[in-house]
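None of the figures in this text is laboratory data; all of them are computed from the coordinates on show. Quick caveat, the model's predicted, so the values are computed rather than measured. Positions of Cβ are generated from backbone atoms using ideal geometry, with glycine treated the same way; all protein chains shown enter the neighbour counts.
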Amino acid sequence: MKAWLAQHARCAGLTLTKLARTPLGSALNIVVIGIALSLPVGLYLLIDNLQTASGQLAAEPQISAFLALDASRAEIAQIETRLKQNPRVLRFRFVPRAEALQELKQSSGLADVIDSLPQNPLPDAFIVTAKDNAPQALDALRDEIKQLPRVVHAQLDAAWARRLDATLRFGRLVVLFLGGLLAVALIAVTFNTIRLQVLTQRDEVEVVKLIGATDAFIRRPFLYYGALQGAAGGLVAWLIVSGGVWLVNHNLGELSHVYASLFQLIALTPADSLCLLLLPAALGWFGALLSVGRHLAVIEP
């Protein structure tokens, strides 16, 4: 076990030395990988923040439940009790007929016309806010409220919620597509880099094969090179995204103060950061494995 660990530690050290021997070329490859990775990661983080912020918007979708004109106080109290016991309801507000008429007079500018009406035509109503703003959950709660006794009509204003949900779903699809393309690009870049290294060291590979080295022994340094290059690109992407989040949050302070609403982007979580390092390393390792496996097969002493 110690010998195995020593061999891998030696390979890792040799790989770092190899990267240091060509600082400009290695740095350019790593920066290109980092910039490419930062695009889908930044978009993913933006969508995640939009989803979080959507739950904090003031314009929450509400369900208006209109009661029958002859609904009694006991029936209204029964509906109120049912709403309190409903686990899907975040909060609700009862709007009496007189209050609704007064609000209509103030907002419509038709006070004279309303005063000339023989009686109040507006019903009592409950304004209900749901715990879950997902369109499916809102539709289910509206249908449930419709079944309450003495509820004549239940109206849901969830157009903005549907548009936001559709936009976020489209954004996630774009992130997956872009991430898939860049993963293929990372494998291709690593494949080509390792191919050039194998061809450059062809004579050395032939010599070590002559003295009995196995393909696994020859392949190991190239795999480390691909993995370390991918991990370094992931680190650059993490620095770019984290720096961008810090810069945006730094400039959002004044804007949040103007609108009296504190909003800041949420940075990458430790789990996201770990994935950003490990996934490019795995892709680099896989690209190196494909390349060195293909080219070692045709190199024979």
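Around Val151, with a cut-off of 14 angstrom between Cβ atoms, what is the net charge of the other residues, counting Lys and Arg +1 and Asp and Glu -1? With Lys, Arg at +1 and Asp, Glu at -1, the neighbours total -2. Across segment 284-295, computed HN-Hα scalar couplings (Karplus, 6.51 cos²θ - 1.76 cosθ + 1.60, θ = phi - 60°) run x, 4, 5, x, 5, 4, 4, 5, 5, x, 5, 8 Hz from first to last residue, x flagging Gly and Pro.
At a 10 angstrom cut-off on C-beta neighbours, averaged per residue, how do the peptides 225-237, 178-190 rank from highest to lowest?
Values: 225-237: 25.0, 178-190: 17.8.
Put in order of decreasing packing, that is 225-237, 178-190.
Annotation: amide H of His153 within the under-5 Å range of Phe66, sequence separation 5 or more or interchain, hydrogens built in the peptide plane. Put simply, the amide H of Val95, placed in the peptide plane, has neighbours under 5 Å in Ala125, Phe126, Ile127, leaving out anything fewer than 5 places away on its chain.
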